[in-house]
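Please read the structure below before turning to the comments.
Values quoted throughout were computed directly from the atomic coordinates according to the rules given, and no laboratory measurement underlies them. Predicted, not measured: the structure shown is a model, and the values here were computed from it. Backbone-built Cβ (ideal geometry, glycine too); neighbour counts: all protein chains shown.
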Amino acid sequence: MAFGPHLLLAALEGLVQAAVLALTALGLSLVFGVMRVVNVAHGEFFMLGAVLAWGVTTAVSGHPALGFAAALVVAPLAVGAVALLSERLVLRRLDYNPEATIVATIGLLYILQQAALTFYGPEARPVVPPFNIRLQLPWFGYSAYKLSVIGASAVVLAATWFVLARTRIGLVMRATQYDREIATAFGIPVERVYAGVFALGAMLAAVAAVLIVPISQAHYLMGADPLLLSFIVVIIGGLGSLRGTVVAALLIGLSDGIVSVFFSPTLAKIIATLAVALVLVFRPQGLFGQAAR
Amino acid sequence: MPDALRLTDVDAFYGQIQVLRGLAFELRAGEVLCLLGRNGAGKTTALKAIMGLVPAAAGSIRLGDLELTDLPAHEVPKAGVAYVPQGRRLFAELTVAENIEIGLNARKKGPAVAESVLTLFPILRERWRQRSGTLSGGEQQMLAMARALCLEPAVLLLDEPTEGLMPSMIARIRDTVAELRGRGVSTVLVEQRVDAVLPVADRVAFIENGRNRETVDVARLRAEPELVRRYVGVG
Ligand SMILES: Nc1ncnc2c1ncn2[C@@H]1O[C@H](COP(=O)(O)OP(=O)(O)O)[C@@H](O)[C@H]1O
Ligand SMILES: [Mg+2]
């Protein structure tokens, strides 16, 4: 293949990565931004979404699109419910203490992982994509499903932006993020906001997982990579910044796609890690983050 | 008329450290009661205890017939108590409009309430879409007061509203307090300097070490300025 088309192919692969990564990282970033909780179990919510997607698509008979549509609804809702439960039983009891919640979510990570191992098993299982169409470009054929992942992710990102920036619920979330105490003094039930944000963050990861699982596979250990990459994206983009998250996910996803195709996946990881180090040294608040107040 | 707000023997702690020690005072309906005391006396903590932001370990805080210490903190504003915190504490990243909206949302007030509040602070209209963190100190204080007044509160808590402002702005804030008093708002005004409150206060409670040493009418305070020296050091 000539260089141009090869680059295009790599960029498309990178965009698919970036789309899923942006959703996952946004969930992590929202939870940290609003609640000041570093959710180490975030990748397990992603894994749970993928595993549940496998469960739902297997249970639903008929056209694969039917099962997939069901998974797209059921998996995020179920993961959101698990998140609500964890928030109530664990985070709230620790009063959202930043250090204690790190340790507690590490515990949650193992609980969810072992639960998946117990009930789902150690196998990696594929999920049938909802449709199997190849778009014939002039230079190569490309999966229409992969393109639709990019589109779906863009839609969810835009919807999240709209909620945050343009609705009353978003305003309440931002006010809580900036000053929990004063938000309370203005009638905002902070604990309910936190519960909602934690569930929303987990659901974003679950949606990302459902979208990607027909391309990759569901496995009980699959949460580690999205967690690590989400941290990288959040550090580069700046905490609590939606724009920063999207831009950083694009940077990481694209460079990962392109560098992996032309050089090696290892070099791509080295570059991402180097980028984090550079950002931490020269712009610790991230590209789009606000300096600490 | 019954008291608007009554604190009885309120204790409050930060961890192990006791800050309020049997604090008691009453706010009469329609008056401006000033809490005067040195830095660290517990004035801010008293207001936070009223708002439920610091739990009252003992004692009672009544808003009319309602026991505020029984409510979760976010219900206190809904009951009609509005808070203008020390240092303004605006949502600095949010616009003026959004800060006002948060005030309105607290008690589900409509835009008509904002309109009426903004007649007191017309300058805020010109800043409407600006991030509130970019306002001048005086404008920020006005926004903090406007945000609170959007609750149409029965009781207003003002914590050092003139702190760090230019003299002209101090006079404006004072005029606003007087104007609100005319509209029947009962106000607790926290200050450190007596000259800042004499023109607007009805009574002054001297707070020392988390206790109310004495509550006096402003008329008596004018006659006996040595009271101020006794409780606050410099007049
Ligand atoms: N968040 C806090 N944690 C621990 N101690 C505090 C806290 N806030 C205030 N204090 C202490 O409580 C005492 C009363 O403080 P405060 O109510 O702010 O006084 P004032 O408003 O009269 O200056 C002071 O000794 C202060 O150091
Ligand atoms: Mg104070």
Calculate the FRET efficiency for B:ASN209 and A:PHE282 from the Cβ-Cβ distance with a Förster distance of 51 Å, rounded to the nearest 0.05. 0.55
Nitroxide proxy distance, nm - points 7 Å out along Cα→Cβ at A:ALA59 and B:GLU152: 5.0
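Between A:GLN217 and A:PHE131, take the C-beta separation as r, use R0 = 22 Å, and let me know the FRET efficiency to the nearest 0.05. Write down the numbers at each step before the final one.
Values: r = 18 Å, r/R0 = 0.84.
With R0 = 22 Å, the Cβ-Cβ based efficiency is 0.75.
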Calculate one ³J(HN,Hα) per residue across region A:267-277 by plugging θ = phi - 60° into the Karplus curve 6.51 cos²θ - 1.76 cosθ + 1.60, and present them in order as whole Hz with x for glycine and proline. 4, 4, 5, 4, 5, 4, 5, 4, 4, 4, 4
If a/c stays under 1.5 just call it rounded; otherwise compare a/b with b/c (prolate if a/b is bigger, oblate if not). Do that for region B:117-173, with a ≥ b ≥ c from the square roots of the Cα gyration tensor eigenvalues. oblate
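Would you please calculate the Kirkwood hydrodynamic radius of region B:90-151 over all C-alpha pairs and express it in Å, rounded to one decimal?
Details: mean 1/r = 0.0907 Å⁻¹.
Hydrodynamic radius (Kirkwood, Cα pairs) of region B:90-151 is 11.0 Å.
Sort A:HIS6, A:HIS42 by Cβ crowding within 10 Å, fewest neighbours at the top.
On the way: A:HIS6 15, A:HIS42 29.
Ascending Cβ contact count within 10 Å gives the list A:HIS6, A:HIS42.
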Distance in nm between pseudo-label sites at A:MET1 and A:ALA165 (7 Å out along the Cβ direction from Cα): 3.4
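Under the Kirkwood approximation applied to all pairs of distinct alpha-carbon atoms, what is the hydrodynamic radius of chain A in Å? Don't skip to the answer; put the middle values down first.
Details: mean 1/r = 0.0512 Å⁻¹.
Kirkwood radius, chain A: 19.5 Å.
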Span-like helices, chain B: DSSP H, alpha-carbon axial extent 20 Å or more, mean Kyte-Doolittle -1.0 or greater, which ones? B:167-182
In percent, how large is the relative contact order of region B:90-151, given Cα pairs closer than 8 Å and 6 or more residues apart? 54
In chain A, with Lys and Arg counted as +1 and Asp and Glu as -1 at Cβ, which of these residues, A:PRO98, A:ALA195, A:VAL51, has the Cα nearest the positive end of the dipole, that is, farthest along it? A:ALA195
To make sure I understand the rule: partners must be lysines, Cα under 18 Å from the Cα of B:LYS109, and not fewer than 8 residues away in the same chain. Which ones qualify? B:LYS78
Peptides A:224-230, A:115-121 ordered by average Cβ neighbours within 10 Å, highest first: A:224-230, A:115-121
Just tell me how shielded A:171-183 is by partners: mean number of partner chain Cβ atoms within 10 Å of each residue's Cβ, no decimals. 5
With no solvent term and unit scatterers on the alpha-carbon positions of the protein assembly as shown, Debye gives log₁₀ I(q)/I(0) at q = 0.10, 0.11, 0.13 Å⁻¹ of -0.85, -0.96, -1.17
Counting each DSSP H run of 4 or more residues in the protein assembly as shown as -39500 (n - 2.57), what helix-only mean residue ellipticity at 222 nm follows after dividing by all residues, to the nearest 500 deg cm²/dmol? -17500 deg cm²/dmol
Relative contact order of chain A: what whole-number percent is it, with Cα pairs under 8 angstrom and at least 6 residues apart? 36
Order of A:MET173, A:MET47, B:MET142 - criterion: other Cβ atoms within 10 Å of each residue's Cβ, fewest first: A:MET173, B:MET142, A:MET47
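Within 10 Å of each Cβ in peptide B:46-52, how many partner chain Cβ atoms are there on average? Round it to a whole number, please.
On the way: counts 0, 1, 2, 0, 0, 4, 2.
What the average comes to for B:46-52 is 1.
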What is the set of long-range amide H partners of B:ARG28 at a cut-off below 5 Å, with H atoms built 1.01 Å from backbone N? B:ALA4
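Would you list B:VAL76, A:VAL90, B:VAL19 from fewest to most Cβ contacts within 10 Å?
Values: B:VAL76 26, A:VAL90 17, B:VAL19 20.
Final ranking by Cβ density, sparse to dense: A:VAL90, B:VAL19, B:VAL76.
From other protein chains only, count the Cβ atoms within 10 Å of every residue's Cβ in A:184-195, then give the mean. Numbers along the way, then the final one.
Details: counts 10, 18, 17, 14, 6, 4, 3, 2, 1, 1, 0, 0.
Per residue, the average neighbour count from other chains is 6.
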Rounding to the nearest 10 and keeping the result within 0 to 90°, find how far the Cα-based axis of helix A:3-35 lies from the longest principal axis of chain A. 20
Short version: ³J(HN,Hα) in whole Hz for each residue of region A:46-57, in order, from phi by Karplus 6.51 cos²θ - 1.76 cosθ + 1.60 (θ = phi - 60°), x for Gly and Pro, what are they? 4, 4, 4, x, 5, 5, 5, 4, 4, x, 5, 5
With +1 assigned to the C-beta of every Lys and Arg and -1 to the C-beta of every Asp and Glu, and no other charges, what is the dipole magnitude of chain A about the Cα centre in debye, to the nearest 20? 480
In region B:42-147, chymotrypsin sites (Phe, Trp or Tyr not before Pro) in a DSSP loop with at most 14 other beta-carbon atoms within 10 Å: B:TRP128
One finds, for A:LEU8 and A:LEU117 with R0 = 45 angstrom and r their Cβ-Cβ distance, a FRET efficiency to the nearest 0.05 of 0.70
Distribution of pairwise C-alpha distances over region A:208-293, 10 Å bins, in %: 18, 43, 32, 7, 0
Mind putting a number on the dipole of chain B about its Cα centre? Charges go on the C-beta only, +1 for Lys and Arg and -1 for Asp and Glu, and I need it in Debye to the nearest 20. 300
Any idea what angle helix A:64-86 forms with the longest principal axis of chain A, computed on alpha-carbon atoms, 0 to 90 degrees, nearest 10? 20
Take peptides A:152-161, B:95-104, A:207-216 and line them up by average Cβ neighbours within 10 Å, highest first, as a rough protection proxy. A:207-216, B:95-104, A:152-161
